[in-house]
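The values are calculated or read from the model by the stated rules, or taken from the named source; none is laboratory data. In this text the structure is predicted, and so the values were computed from the model without any measurement. Every residue, glycine as well, gets a Cβ built from its backbone with ideal geometry; the counts of neighbours run over all protein chains shown.
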Amino acid sequence: MCNLYAMTSSQQAIRKAARVMTDHTGNLPPLPDIWPNTMAPIVRNAPAGGELVMARWGMPTPPGYLKGHRVDRGVTNIRNPTSTWWKRWDGVAHRCLVPLTAFSEPARLPDGKSHPVWFTRSAGEPLAFFAGIWCRWTSVRKLADGETTDDLFGFLTTTANREVGAIHPKAMPVILTRAEELDIWMNAPPGEALRLQRPLPDGTLTVMDDLHGAEDA
């Protein structure tokens, strides 16, 4: 599952690609390492059109998994959006686009340790979007902060394509790259929107040991 990604494109590129009408993020710096339970930009629907805001990565955890835990660090990846817990957020009011330029999966080493392997688009067009959902939720995200009300987000996963499957066979994020896909995800009824829950075609990702040099996929 994807628990690390990067977003280093400009705000202008995000605003143009996602048809953002209002930007609430201020001066958004490059974000080369976005981890769970930290803040990152998302684009969501608003009465005046798409708005770019900051939200915390990790949707509310189903209560059954929180027994005995004082902190809810959130669910980052959502595989079954039609389940009872997630279905409450399947409408356009709770859908979002999560901009990214690369994402990472951990590769296991012979000694049992792991290191991050990064994936970027092979076409040389860095900006893409995870198909996400968001909500406003009150919970304890960090023990030191106590109970807070936050805008939270997560994104859908699907079966892995060839490149991701070589590192993480079980799943990969749902990534949207075309304008028509962004429009469907943000505006179509749930049945139509969820048809986008599919892997990128084989050969569309480049494998990188880090974000400064690529190796053959």
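Quick notes on this structure:
- Looking across region 113-144 at every residue that is of a type in the set (D, E, K, R) and in contact with an Asp or Glu (Cβ under 9 Å, 6 or more places away or on another chain), the one that is surrounded by the fewest Cβ atoms within 10 Å (Cβ to Cβ) is identified as Arg136.
Each row is one residue, and each column tells you yes or no for (1) touching a Gly at 6+ places or on another chain (Cβ under 6 Å); (2) at positive phi.
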| position | (1), (2) |
| --- | --- |
| Ala13 | no, no |
| Ala18 | yes, no |
| Gly26 | no, yes |
| Pro29 | no, no |
| Ala48 | no, no |
| Met54 | no, no |
| Tyr65 | no, no |
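- Taken as a whole, the structure places Thr101 among residues that are of a type in the set (Ser, Thr, Tyr) and surrounded by 12 or more Cβ atoms within 10 Å (Cβ to Cβ).
- Residue within region 145-160 that is of a type in the set (A, V, I, L, M), more than 26 Å from Thr25 (Cβ to Cβ) and crowded, with 18+ Cβ neighbours inside 10 Å present: yes
- Residue within region 70-87 that is modelled with pLDDT of 95 or more, closer than 26 Å to Ala13 by Cα and among the small types (Gly, Ala, Ser) present: no
- Residues that are aliphatic (A, V, I, L, M) and closer than 22 Å to Ile14 by Cβ within region 88-116 comprise Val92, Ala93, Leu97, Val98, Leu100, Ala102, listed in sequence order.
- Condition met for Ala188 (modelled with pLDDT of 95 or more, more than 18 Å from the chain's Cα centre (by Cα) and hydrophobic (A, V, I, L, M, F, W, C)): yes
- Within region 20-46, being over 20 Å from Tyr5 (Cβ atoms), modelled with pLDDT of 95 or more and part of a loop (DSSP other than H, G, I, E, B) holds for His24, Asn45, Ala46.
- Residue in region 95-102 that is more than 25 Å from Thr158 (Cβ to Cβ) and among the aliphatic types (A, V, I, L, M) present: no
- Answer residue from region 47-65, given it is assigned to a loop (DSSP other than H, G, I, E, B) and within 19 Å of Trp137 (Cα to Cα) and is nearest to the chain's Cα centre (by Cα) among those: Gly58
- Once region 66-92 is narrowed to residues that are part of a helix (DSSP H, G or I) and more than 17 Å from the chain's Cα centre (by Cα), the residue that is surrounded by the fewest Cβ atoms within 10 Å (Cβ to Cβ) is Thr84.
- When residues of region 141-158 are limited to those that are under 15 Å from the mean Cα position of the chain (by Cα) and of a type outside the set (A, V, I, L, M), the one farthest from Ile78 (Cα to Cα): Asp151
- Candidates Ser122, Ser114: the one that is at pLDDT below 95, touching a Pro at 6+ places or on another chain (Cβ under 6 Å) and under 19 Å from Ala102 (Cα atoms) is Ser114.
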